[in-house]
1. Hey, with R₀ at 25 Å, roughly what FRET efficiency would SER503 and LYS403 work out to, going by the Cβ-Cβ distance, to 0.05?
2. Using only Cα atoms, find the angle between the long axis of helix 421-430 and the longest principal axis of the chain, and express it within 0 to 90 degrees, rounded to the nearest 10.
3. Please list 88-97, 556-565 highest first by mean number of surrounding beta-carbon atoms within 10 Å per residue.
4. Want the number for ASN129 to TYR160: 0.36 nm per residue separation, take away the alpha-carbon distance, what's left?
5. I need the calculated FRET efficiency for the pair MET276 and ASN568, taking r as the beta carbon distance and R₀ as 41 Å, to the nearest 0.05.
6. Lysines within cross-link reach of LYS100: Cα-Cα under 24 Å, excluding same-chain residues under 8 positions apart?
7. Could you check the spin-label model distance between TYR581 and ARG219? Points 7 Å from the Cα along Cα→Cβ, value in nm.
8. Over segment 376-494, average the accessible area per residue using a 1.4 Å probe and give it in Å², no decimals.
Amino acid sequence: MSKSYTNLLDLASGNFPALDQGKRKRLSRAVSLPVSVTELDDDQAQSVDSDSSSSVHSDRIIIVANQLPLKAKRREDGKGWDFSLNEDALILQLKDGFPKDVEVLYVGSLKVDVDLKEQDDVSQRLLENFNCVPTFLPPDLLEKFYDGFCKRHLWPLFHYMLPFSADQGGRFDRSLWEAYVSANKLFYQRIVEVLNPEEDYIWIHDYHLMVLPTFLRRRFLQVRIGFFLHSPFPSSEIYRTLPVREEILKALLNTDIIGFHTFDYARHFLSCCSRMLGLDYQSKRGYLGLEYYGRTIGIKIMPVGVHVGRIESIMKVVDEEHRVTELKQQFKGKSILLGIDDIDTFKGINLKLLAMERMLKQRPHLRGSVVLVQILNPARGKVINLEATQQEIQENYQWINEKYGLPGYKPVIMIDREVSIDERVAYYSIADCVVVTAVRDGMNLTSYEYIICRQGIYGSVHFSGPKKSMLVVSEFIGCSPSLSGAIRVNPWNIEATAEAMVSAISMRDSEQELRHEKHYRYISTHDVAYWSRSFLQDMERTCAGHFKKRCWGFGLGFGFRVVALDHNFRKLSLDDITSSYINSKSRAILLDYDGTVMPQNSINKTPSEEVISMLNTLCADPKNMVFIVSGRGKESLNK
């Protein structure tokens with residue numbers, strides 16, 4: 001019997017409520033309806049065969065993320081909105097891994113503020129035209145939720161920055177946590193409006209919605225929930241500093257499967273569950289799982305990929321518009337190092353600039369022949385130390401160009417604006433090496449996109465020729481383990497990074513071609529569709545026995561959990577126990593000292609007179625053999 005069943009008899013009493021199997025009508029638009037919770041009969045139970053090709057052909061998948069995969073623009077007359085799909089959004093691209101007949105519904109917020117009186121009309125249009133259910137967050141709540149708790153507390157912590165001072169995120173603010181919970185509850189309310197709990201799968205994405213599973217599980221005990229974290233998960237020594245550490249862990253454990261990009265991230269999460277909740281993980285037939293009150297929460301390790309078809313279609317457009325020709329002419333005769341990063345403390349942009357300066361200083365013959373093109377994408381939200389980071393980048397950029405520049409030559413080209421994916425693809429195509437020096441990053445798909453672009457497209461003049469590429473990547477980013485041909489660096493080691501950049505641009509063509517081929521083979525086969533298909537298959541396998549168990553919810557707030565029991569489990573009857581005791585001729589009674597004879601947390605470990613009297617009564621019966629079980633020594637118990 002696992003630890004999940006500890007004190008189970010104290011919890012179990014009476015019938016076990018489960019989901020009502022009556023079909024709920026699919027909603028044509030978002031409206032709130034009450035949902036009842038009743039007993040689930042054995043003959044109505046449904047299960048999923050893990051060996052089948054797909055068991056969700058008749059079901060629906062609800063993708064939940066902070067933002068919908070939509071672009072929104074206010075009409076010129078100011079009356080209403082125009083919406084279109086964002087083809088570059090990951091949560092839109094992942095549907096390519098699902099069976100064609102599976103319906104995909106999206107729940108998330110919009111990047112624009114929609115007036116209250118327009119929200120009903122916008123909800124109706126988005127649901128009918130895009131299968132999207134918008135969650136409208138009031139501006140004051142959005143600021144505290146996203147710019148507050150997400151960006152000031154979770155984002156720095158998950159990237160190993162502790163709030164030692166006010167300018168490093170500041171001390172924990174309870175009001176921001178409450179806003180985070182309130183925002184998650186609004187997402188939950190929108191999901192409930194369209195959810196069919198007996199058929200739908202729910203896939204929640206990223207750290208913005210980590211407590212959402214508890215809201216869903218409290219109302220639907222057997223709904224199928226998956227969660228994927230796209231950021232790093234820190235070591236337990238870092239994570240344990242978060243004041244709401246247990247609330248978030250317990251909320252995540254209300255899912256059925258939790259996904260991570262790398263084994264390190266999963267290992268850190270399992271370590272936190274072990275150290276803070278006392279849970280142990282186990283491996284069954286190659287799958288990792290956590291036993292939690294009779295439920296097994298699957299642990300999935302799978303790095304996300306890119307949408308190869310989407311990138312190739314953009315390459316065709318870029319090829320037709322001759323953008324590559326213009327860039328090749330601009331940088332003719334020079335080796336191009338390329339960096340594409342968001343303006344963020346953790347992207348290591350300044351470390352990259354310092355490595356470039358060190359390379360030019362130690363290798364003066366490269367002056368005039370090597371250029372670093374650094375694209376700075378706008379920051380996502382209110383990033384910690386944003387102004388200081390921007391100022392340092394600009395100072396280093398100007399200093400390097402002033403010190404090592406020549407007439408008609410700048411060692412560093414800084415593009416400080418949002419760059420379209422078309423322009424990004426054009427820069428990928430001419431770059432001799434991409435340099436990623438992030439000090440922490442969940443995955444970072446820049447390297448993947450670069451490899452696909454360097455492979456080229458059939459029939460193109462600009463993308464033809466030998467297929468070669470080079471990568472210098474930080475060992476602290478999620479994609480690093482999958483890029484075995486890349487030159488891995490510790491970005492804090494400026495000298496080593498500079499040497500890696502030199503090695504990359506001076507490596508033999510034949511070696512570059514071999515490394516490129518190895519990378520392309522992996523990236524093209526492990527694309528975003530492969531990732532989503534693999535996650536869905538593991539979610540089906542984990543949820544296969546859902547309706548074979550009887551479930552009961554316990555606990556208040558984020559202490560809520562579901563106890564899952566076999567259908568044959570029944571609470572012991574007191575009358576049966578009494579009858580068996582009276583009729584037995586020989587009894588063995590084992591009593592644990594700490595926790596039964598004496599309270600577990602009691603400072604005074606000496607039994608009371610009442611307890612001693614009860615023990616003497618049991619021992620006085622010749623049919624009884626009473627044992628005291630304890631890890632304490634005999635002398636300690638005699639006292």
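The values are calculated or read from the model by the stated rules, or taken from the named source; none is laboratory data. It should be emphasised that the depicted structure is a prediction, and the values quoted were computed from it without experimental measurement. Because the Cβ atoms are built from the backbone with ideal geometry, glycine has one as well, and the counts that use them run over all protein chains shown. These accessible areas exclude ligands, DNA and RNA; they are computed on the full protein's heavy atoms, side chains included. Shrake-Rupley method; radii C 1.70, N 1.55, O 1.52, S 1.80 Å.
1. Working: r = 23 Å, r/R0 = 0.93.
Step by step, r from the Cβ atoms, then E = 0.60.
2. 60 degrees
3. By packing density, highest mean first, the sequence is 88-97, 556-565.
4. On the way: separation 31, 0.36 × 31 = 11.16 nm, distance 4.14 nm.
Contour length minus the Cα-Cα distance gives 7.0 nm.
5. Details: r = 33 Å, r/R0 = 0.81.
Given R0 = 41 Å and the Cβ-Cβ separation, E is 0.80.
6. Straight-line reach from LYS100, under 24 Å: LYS23, LYS25, LYS300.
7. Here the modelled spin labels are 4.5 nm apart.
8. Working: 4980 Å² over 119 residues.
I get 42 Å² per residue for this part.
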